[in-house]
Each structure stands twice: as structure tokens, then as C-alpha cells.
Amino acid sequence: MFEYAPAPESRDVVDLKSSYGLFINGEFVDGSGTPFKTVNPATEETLAEVATASSDDVDRAVQAARKAFGVWSALPGAERAKYLFRIARIIQERARELAVLESLDNGKPIRESRDVDVPLVAAHFFYYAGWADKLEYAGFGSAKPLGVAGQVIPWNFPLLMLAWKIAPALACGNTVVLKPAETTPLTALLFADICRQADLPPGVVNIVTGAGETGAAVVAHPDVNKVAFTGSTEVGRIIARTVAGTGKKLTLELGGKAANIVFDDAAVDQAVEGIVNGIFFNQGHVCCAGSRLLVQESIQEELLAALKRRLGTLRLGDPLDKNTDIGAINSAEQLAKIRRLSDLGESEGAERWSPACELPGKGFWFPPTLFTGVAQSHSVAREEIFGPVLSVLTFRTPAEAVEKANNTPYGLSAGVWTEKGSRILWMADRLRAGVVWANTFNKFDPASPFGGFKESGFGREGGRHGLEAYLEV
Ligand code: NAP
Ligand code: MG
């Protein structure tokens with residue numbers, strides 16, 4: 001192994017304020033709850049104080065969105081499109097600022113926020129801008145927007161999840177009240193500034209920060225017409241109960257435990273890159289992460305040797321360093337959860353391995369970790385760890401691979417690695433997963449719908465399908 005000189009991205013591009021308010025009706029305003037701190041998980045340094053929206057504040061936001069709905073939904077689609085295009089272009093112009101702030105608040109490597117998150121965010125706004133005046137062409141006839149959308153998102157892709165929620169909602173003529181996650185509110189507030197810069201009519205986008213209680217107030221508000229949630233299956237259940245019988249339209253994007261299936265005819269080096277990208281991208285804080293590797297028994301030894309060699313080259317550390325592959329775990333709570341589930345894996349009898357890897361003294365870190373000798377009943381094969389931890393299982397036949405892959409309460413994604421196109425199609429027909437990648441993994445495109453089966457939720461985001469969730473059809 002050779003050393004790299006550190007190549008940190010400068011933070012100067014970000015104008016961090018010491019405190020942030022809520023974004024309601026086009027203005028930044030104080031919240032009436034107790035403000036909370038958001039920290040940089042790589043250093044534990046407090047980045048800023050952020051307002052907490054009480055249920056009264058949420059009510060003000062919903063009222064602003066309701067009032068704006070009259071104006072926004074009456075605009076011709078082509079006019080709404082202009083605003084969305086403008087937002088997309090400003091995101092591109094301010095891409096570096098957004099990427100640095102995302103890495104500071106979330107802990108993800110700048111390589112990812114700069115090259116994956118932010119470009120995809122802009123792409124989503126461009127994509128849905130294109131649909132705004134073509135809803136009829138898209139097959140929705142004269143379908144009407146729903147009204148006010150209440151949207152609650154998690155911390156793993158703060159800005160990208162915001163884009164997935166806001167872009168289609170606005171394209172269809174809805175207005176939104178969005179609650180970002182407590183540990184990663186800053187890029188949503190920078191996005192609010194972008195809305196102002198784009199002259200978006202006040203009230204079309206409202207951002208209410210706070211903890212779970214704020215999210216619950218958004219979801220339960222009687223004047224919200226549509227609830228869109230991305231997060232854990234546990235909170236998804238609570239939300240489904242709250243919304244049941246209210247007539248609110250609901251989409252849930254929940255957890256996952258994807259199988260990444262490697263057949264003996266796969267190109268091993270490419271498969272290794274795909275496995276690494278599948279589980280170590282974004283520290284494994286990915287709902288569709290390939291957290292279960294199913295490898296055909298005959299190539300197990302060769303593949304695992306190559307994988308271990310590759311893991312030895314991953315660089316963990318400063319998220320702002322352009323050489324960094326693995327950044328910080330987003331919070332102390334998430335780190336504790338990863339530790340608990342990994343310790344459980346060991347005590348249940350799976351074999352744990354990590355490459356030699358020095359962890360920084362401050363901040364929240366977890367080394368890339370492999371479990372071999374994993375049985376289907378082990379916790380590490382069943383529970384979503386949401387961290388850089390891969391469980392390896394083996395199979396002999398395609399039918400066994402399908403059975404093991406589907407042996408999970410989740411069904412968000414899967415990967416298949418093989419030379420044979422016919423086998424890819426055979427597998428894709430049988431895998432109970434919303435997305436099946438072939439000879440690649442974790443590829444996202446705004447034109448492609450994304451969503452789950454079973455406990456991974458329902459509804460699709462992205463593509464033409466993504467419009468359906470925001471129209472009365
Ligand atoms: P979480 O605890 O469910 O939180 C998600 C969001 O819901 C946060 O904004 C949270 O606020 C808020 N919240 C908490 N309790 C609430 C309640 N009772 N009512 C309304 N809102 C509430 O999930 P997480 O741990 O942050 O995120 C990780 C999970 O998200 C994983 O399971 C992952 O698989 C899933 N995920 C799914 C997708 C997908 O597309 N399917 C994408 C990304 C992530 P706080 O921040 O204050 O807790
Ligand atoms: Mg933070």
C-alpha cells in the first residue's frame with residue numbers, strides 16, 4: 001500500500017450560520033420548540049443550532065402551503081416547469097457548497113456527495129421539470145394535484161431524499177411541508193435559500209426542522225392531503241396507522257436487506273467492485289444496500305480472497321478528503337446500533353473480519369466488516385444493520401439463490417452477477433424486489449422508478465410512476 005497526501009476540500013465555500021430557523025411561507029422564522037444542535041459526525045463539533053417546529057409551527061407551515069396551493073396549482077405546467085428548471089440550475093451552480101455542507105452534516109465522503117448525491121439531486125429537478133407540462137401525455141389525462149404534501153425524510157441522503165420528494169410533488173402542482181432528519185437538517189435549509197433565489201412563490205415549499213415529534217405533527221395534520229415518508233419500517237408502521245381511514249394518500253419507502261448474488265461465471269473483479277459499491281457506498285447507510293452477499297459455493301474462496309484484498313485498500317477517514325472511500329457513521333445512536341448487531345452476529349456464531357484499519361480518535365467510525373459462515377437465521381442475515389457490514393452466504397443452484405434472496409421480510413432491491421443474459425431474466429422474474437440490478441449495483445437514475453415490496457413499503461419514486469403518487473388518478 002502506498003500513501004496519499006491528504007487532499008481535503010475547503011469548507012470556506014459554505015457560509016455556516018450559528019443558528020437556523022424554519023422556512024415557512026418563503027421566510028426564515030423562529031421555531032417555538034427548543035432548538036437542537038446538529039453536529040459533524042466526523043469530529044463531533046457542533047455545526048449549528050436549528051429551530052424545532054412545534055405543532056403550532058407545523059400548522060402555520062401547512063396553512064402557508066394550503067394558501068400557496070391555490071396559486072401554484074393554477075399555474076400552467078410550463079410555468080411550474082420554469083421554476084423547477086431554475087432550481088435545478090441553481091443546484092448545479094451551488095453544487096460545491098451543497099456537497100461540502102452535506103458531507104459536513106452527514107459524514108459522507110465528499111467524493112460521493114460531489115459526484116453522486118448532488119448531481120442526482122439536480123437531475124431529479126431537471127427530470128420532473130420536463131414532466132410538468134406533459135402530465136396528460138404521461139397518461140394522467142386531466143388528473144388534479146392532491147393539495148398539500150407532508151413529507152418526512154431520513155438522514156442517509158438528506159438532499160437526495162428531499163429531491164425525490166419535492167421535485168415530483170411540485171411538478172404535479174402540489175405544495176409541500178417537508179421535515180428533514182434531526183441529524184441532517186442543514187442542506188434542506190440551504191435548499192430553502194435556493195427556493196428563495198429561484199423566486200419560487202412563498203409557501204410552495206416549507207421546511208420544518210425538528211425531531212420525530214415534528215414529523216408526527218406533519219403526518220397527523222388534518223389539512224395535509226398526501227403523506228410521503230422515507231425511513232425505518234418501524235416508523236412507517238406508526239405512520240400507516242396514523243393515516244389509516246383519513247383519506248390521505250400515502251407512500252412509504254422503508255428498509256431493506258438486499259441480496260447481491262454472484263454466480264460462478266461472473267467476472268470476479270467487476271463483481272468485487274460491485275459488492276464494495278453495494279455495501280460500503282455511503283458507509284452502508286443505504287436502504288437498498290447489498291448487505292447480503294450470496295456467492296455460488298464453487299467460487300466462494302476465490303471471491304472472498306479478492307474481496308478481502310480490495311477491502312484492505314479502502315481509505316477510511318476525513319469525509320472532506322477527496323481520497324476518502326468511507327466516511328463517518330452519521331450519529332452515535334447509529335454507531336451503537338451497528339456495534340450491537342455486529343456483536344450479536346459474532347455471538348450467534350458468524351465469523352467476523354475487518355481489514356487493518358485505523359479509526360480516528362474523535363467522531364463516529366466503524367471499519368468495513370465481513371461476516372462469513374452466516375446462516376439464514378442469524379441476525380446479521382435478517383436485520384437491517386444500515387452500516388458498513390456485509391454478511392456472506394453461499395448457494396449452489398439458481399433456485400437456491402432465489403429462495404435465499406427472497407427469505408427476508410424486505411424487498412427493495414437485489415443484484416445479479418452472471419455472464420448469461422437468460423439467467424439474469426430468469427432471476428429477475430423470481431426475485432421479490434422492487435429493483436434488480438444486473439452486473440452493477442446502486443445505480444440510480446431519475447427516469448427509473450424505485451420502491452419496495454413487502455416490508456420495504458409501497459409506492460414508487462422516480463420516473464413516470466413517481467408522478468402517480470402526487471396526482472388524483
Ligand atoms: P426513522 O427513524 O424512521 O426516521 C425517518 C424520519 O422520520 C426522520 O425525519 C425522523 O425524525 C422521522 N420520524 C421519527 N419518528 C417519527 C414519527 N413517529 N412520525 C413521523 N416522523 C417520524 O429512520 P432513520 O433511522 O432516520 O433512517 C434509516 C431508515 O430509512 C432505514 O431503515 C432505511 O432503510 C430507510 N430508508 C429507506 C429508503 C427507501 O427509499 N426505501 C431510503 C433511505 C432510507 P428524526 O430524524 O428526528 O428521528
Ligand atoms: Mg449532523
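Assign one of three labels to the range 359-473, namely rounded, prolate or oblate, based on the Cα gyration tensor with a ≥ b ≥ c the square roots of its eigenvalues; rounded applies when a/c is under 1.5, prolate when it is not and a/b is larger than b/c, and oblate otherwise. Oblate, because a/c is 1.5 or more while a/b does not exceed b/c.
Toward the positive end of the charge dipole of the range 259-438, with +1 on the Cβ of Lys and Arg and -1 on the Cβ of Asp and Glu, the farthest Cα among Leu304, Gly284, Ser422 is that of Gly284. A simple rule links phi to the HN-Hα coupling: the Karplus curve 6.51 cos²θ - 1.76 cosθ + 1.60 with θ = phi - 60°, which for the range 404-411 gives 5, 4, 7, 7, 7, x, 8, x Hz, with x for Gly and Pro.
Split the accessible area of the range 259-438 by element, probe 1.4 Å, and carbon with sulfur accounts for 47%. The residues packed around Leu316, meaning those with a beta-carbon under 11 Å from its beta-carbon, carry a net charge of -3 if Lys and Arg are +1 and Asp and Glu are -1. Annotation: aspartates and glutamates with alpha-carbon distance below 16 angstrom to Lys82 (same-chain offsets under eight excluded): Asp133, Asp199.
The long axis of helix 95-106 is offset from the longest Cα principal axis of the chain by roughly 70 degrees. Once the range 234-292 is represented by equal point scatterers at the alpha-carbon sites, with solvent omitted, what log10 I(q)/I(0) does the Debye formula produce at q = 0.16, 0.24, 0.28 Å⁻¹? Calculated log10 I(q)/I(0) at the listed q: -0.63, -0.93, -1.09. In the context of the full set of protein chains, the range 328-473 has a per residue accessible area of 43 Å² (1.4 Å probe).
Taking the DSSP bridge list for the chain and keeping only pairs wholly inside it, about 30 percent are antiparallel.
Computed with a 1.4 Å probe over protein heavy atoms only, the accessible surface of the range 66-147 comes to 40 Å² per residue. A cut-off under 15 angstrom between Cβ atoms defines the neighbours of Ala267, and their net charge, with Lys, Arg +1 and Asp, Glu -1, is -3. Using the Cβ of Gln63 as centre and a radius below 15 Å, the other residues enclosed give a net charge of -2, where K and R count +1 and D and E count -1. When only the Cβ of Lys, Arg, Asp and Glu is charged (+1, +1, -1, -1), the dipole of the chain relative to its Cα centre reaches about 1060 debye. A straight line joining the Cα centroids of the range 98-167 and the range 400-473 runs 19 Å.
Remark on the range 116-168: ratio of C-alpha radius of gyration to 2.2 N^0.38 Å is 1.29.
Dipole size in debye (nearest 20) for the range 259-438 around its Cα centre, Lys and Arg Cβ +1, Asp and Glu Cβ -1?
Numbers: 18 positive and 22 negative charges, 61 e Å.
Once rounded to the nearest 20, the dipole reads 300 debye.
The C-alpha atoms of the chain define a longest principal axis, and helix 233-243 lies at about 30 degrees to it.
For the range 259-438, the Kirkwood hydrodynamic radius from C-alpha pairs, put into Stokes-Einstein at 25 °C and a viscosity of 0.890 mPa s, yields a diffusion coefficient of 149 µm² per second. The Kirkwood hydrodynamic radius of the chain, based on inverse pair distances between different Cα atoms, is 22.6 Å. Considering the range 66-148, its Cα convex hull presents a mean projected area of 6.6 nm². Computed from backbone phi with θ = phi - 60° and the Karplus coefficients 6.51, -1.76 and 1.60, the 3J(HN,Hα) list for the range 67-75 is 5, 5, 4, x, 6, 5, 6, 7, 5 Hz; x is used for glycine and proline. Expressed as a whole percent, the accessible area of the range 1-80 that falls on carbon and sulfur atoms is 52 (1.4 Å probe).
Ellipsoid fit via the Cα gyration tensor, the range 128-283: semi-axes of 31, 20, 18 Å, each the root of five times an eigenvalue, largest first.
The values are calculated or read from the model by the stated rules, or taken from the named source; none is laboratory data. Not measured: the values here are computed from a predicted model. Positions of Cβ are backbone-derived with ideal geometry, glycine not excepted, and every protein chain shown enters the neighbour counts. The accessibility values were calculated without ligands, DNA or RNA, using every heavy atom of the protein model including side chains. Shrake-Rupley method; radii C 1.70, N 1.55, O 1.52, S 1.80 Å.
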